[in-house]
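The block underneath contains the structure these notes are about, expressed in structure tokens.
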Amino acid sequence: MGGRWIDVWEPEDETFWQEKGERIAKRNLAFSVFSEHIGFSVWSLWSVMVLFMGPQYGIDAAGKFFLIATATFVGALIRIPYTFAVARFGGRNWTVFSALLLLLPTGFAFAVMEPGTSYSTFVLVAALTGVGGGNFASSMTNINAFFPLRKKGWALGLNAGGGNIGVPVVQLVGLLVIGTAGALHPRIVLGVYLPLIVVAAVCSALFMDNLTPVKNDTGAFREAVRARHTWIMAFLYIGTFGSFIGYSFAFGLVLQTQFGRTPLQAASLTFIGPLLGSLIRPLGGSLADKHGGARITLGTFAAMSAATGVVVYASLAESLAVFLVGFIALFVLSGLGNGSTFKMIPAIFLAQGHRKGLSGETAEAYGRRLSGASMGLIGAVGGLGGLGINLAFRQSFQTVGTGTGAFVAFLAFYAACMAVTWAVYLRRPPVVPDTAESAEEPENRPGYAKV
């Protein structure tokens with residue numbers, strides 16, 4: 001086991017946290033964000049590359065949607081093994097390796113991005129970019145171990161939000177290239193990222209740490225798979241993160257296909273939604289820390305339903321201005337929901353520990369085990385929501401020539417997410433210990449955790 005290893009890590013110990021834990025955790029968070037940011041940019045490369053693929057490439061809108069859906073699919077599936085890699089190899093070591101692995105899809109894309117390349121080759125290279133999506137799972141699992149429960153909402157929100165910003169940043173780079181060099185030079189975008197990948201790997205090697213106490217716990221994973229809350233939260237995460245990543249990949253292509261925007265016009269708008277959604281994600285985590293993730297999540301899905309209604313109206317009325325207002329609102333709300341849903345995960349499993357009769361450090365250790373084991377699975381299923389969104393758009397455009405049918409389906413899904421959030425986490429206190437203290441307010445009962 002090469003590299004820097006920390007043998008003792010007790011973030012819930014206030015003295016330990018104040019004396020050295022907080023400083024170390026924040027340093028690792030900063031460079032985790034940078035590496036994950038580059039990973040997200042590589043994962044979303046094809047949301048930019050399709051804007052460069054004019055008629056000379058011979059690929060229709062359905063084919064382009066399939067390319068970005070392929071990248072989404074692989075990025076979602078690979079999150080599961082990436083989750084276990086942190087404990088197997090160390091958070092620092094895996095961050096270095098996973099960053100360097102990004103050279104593979106970026107380099108291949110640089111080699112083949114030109115007219116005349118076969119469509120199957122483009123599909124293969126798009127699939128390779130999925131490794132960038134895996135960085136999210138390993139990064140979140142790693143950072144989850146560094147911070148105490150009371151700070152997890154903020155830390156996980158900042159880590160994920162900083163990573164998510166990789167989507168609008170690569171789209172801004174694409175806009176800059178199209179606006180200056182034209183739509184015939186996609187390799188410039190790829191050339192920008194090749195050295196940045198190396199910088200991310202070097203910084204991770206120099207400034208991050210491995211935690212010896214973090215071990216793979218196959219028993220915890222099996223228990224997380226059997227836990228109904230893992231699958232309930234995965235369902236809700238489809239609605240938040242699945243929406244964010246699916247819309248991020250598809251936004252520019254929808255503008256080109258449905259509203260006839262040129263590559264430059266589409267690129268000048270594409271980055272706005274993902275940028276705002278990424279920036280607001282830490283706020284979602286912070287609000288969840290203060291008010292409970294379930295309350296914030298329910299409000300988010302209600303607002304997303306309203307925004308989707310606006311988009312459906314704009315699509316039918318062919319109003320680009322109204323469409324942009326509704327669509328950008330969806331990005332902002334999905335980012336807010338990303339933060340609140342991920343905050344719920346450690347709180348839920350801590351609460352489950354209390355239900356089992358555990359207390360103190362024993363309950364906290366149980367919560368860490370189960371939340372860490374479940375995060376990769378929840379993140380993977382959430383990423384598959386992005387695949388569903390792009391396939392829905394593909395089918396809608398193939399069938400009726402617009403994205404209206406897809407948005408109607410999304411509206412129904414958000415309504416289902418609202419119902420599940422209320423029924424499971426808000427209809428009654430999510431954790432009610434088996435004690436006689438039922439007359440107290442839930443927050444005052446021993447073992448209660450705000451979900």
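The values are calculated or read from the model by the stated rules, or taken from the named source; none is laboratory data. Nothing here was measured: the structure is a model prediction, and the numbers come from that model. Quick reminder, even Gly has a Cβ in these numbers, built from the backbone with ideal geometry, and neighbours come from all protein chains shown. These area figures cover heavy atoms from the full protein model, side chains too; ligands, DNA and RNA do not enter into them. Shrake-Rupley method; radii C 1.70, N 1.55, O 1.52, S 1.80 Å.
Shape class of segment 181-296 from the alpha-carbon gyration tensor: oblate, with a/c at 1.5 or above and b/c at least as large as a/b. The H on the amide N of W5, modeled in the peptide plane, is under 5 Å from the matching H of N210, each at least 5 residues off or on a different chain.
Our summary gives segment 1-133 a relative contact order of 38 percent, counting only alpha carbon pairs under 8 angstrom and 6 or more residues apart.
Solvent-accessible area per residue in the chain equals 36 Å², computed with a 1.4 angstrom probe and all protein chains kept. For the pair F207 and T362, label points projected 7 Å from Cα toward Cβ lie 4.1 nm apart.
Based on Cα contacts under 8 Å between residues 6+ apart, the chain shows a relative contact order of 24 percent. For the pair V225 and A419, the difference between a 0.36 nm per residue extended length and the Cα-Cα distance amounts to 67.6 nm. Would you mind checking K215/K343; K151/K356; K151/K343; K20/K215; K152/K356; K20/K151 for any pair whose Cα atoms are more than 18 angstrom apart? Pairs exceeding 18 Å: K215/K343; K151/K356; K20/K215; K152/K356. Using a/c under 1.5 as the rounded threshold, could you call segment 263-340 rounded, prolate or oblate? The axes a ≥ b ≥ c are square roots of the C-alpha gyration tensor eigenvalues, and prolate needs a/b larger than b/c, oblate otherwise. Oblate shape, in that a/c is at least 1.5 and b/c is the bigger or equal ratio. Spin-label pair L176-V322: with each label point 7 Å from Cα along the Cα-Cβ axis, the two points sit 3.7 nm from one another. Subtracting the Cα-Cα distance of A111 and I80 from their residue separation scaled by 0.36 nm leaves 8.2 nm.
In nm, to one decimal, how far is the Q56 label point from the H185 one, both placed 7 Å along Cα→Cβ? About 1.4 nm separates the two model spin labels.
Residues of segment 301-327 with the amide nitrogen closer than 17 Å to a label point 7 Å from the Cα of A409, along Cα-to-Cβ, please. Counting only backbone N, you get 308-309, 312.
I want to verify the translational diffusion coefficient of the chain in µm²/s; compute it with Stokes-Einstein, Rh as the Kirkwood radius over Cα pairs, at 10 °C and 1.306 mPa s.
72 µm²/s
Relative to one another, the C-alpha centroids of segment 392-423 and segment 225-253 are positioned 13 Å apart.
Measuring nothing but protein heavy atoms, the accessible surface of the chain at 1.4 Å probe radius is 65 percent carbon and sulfur.
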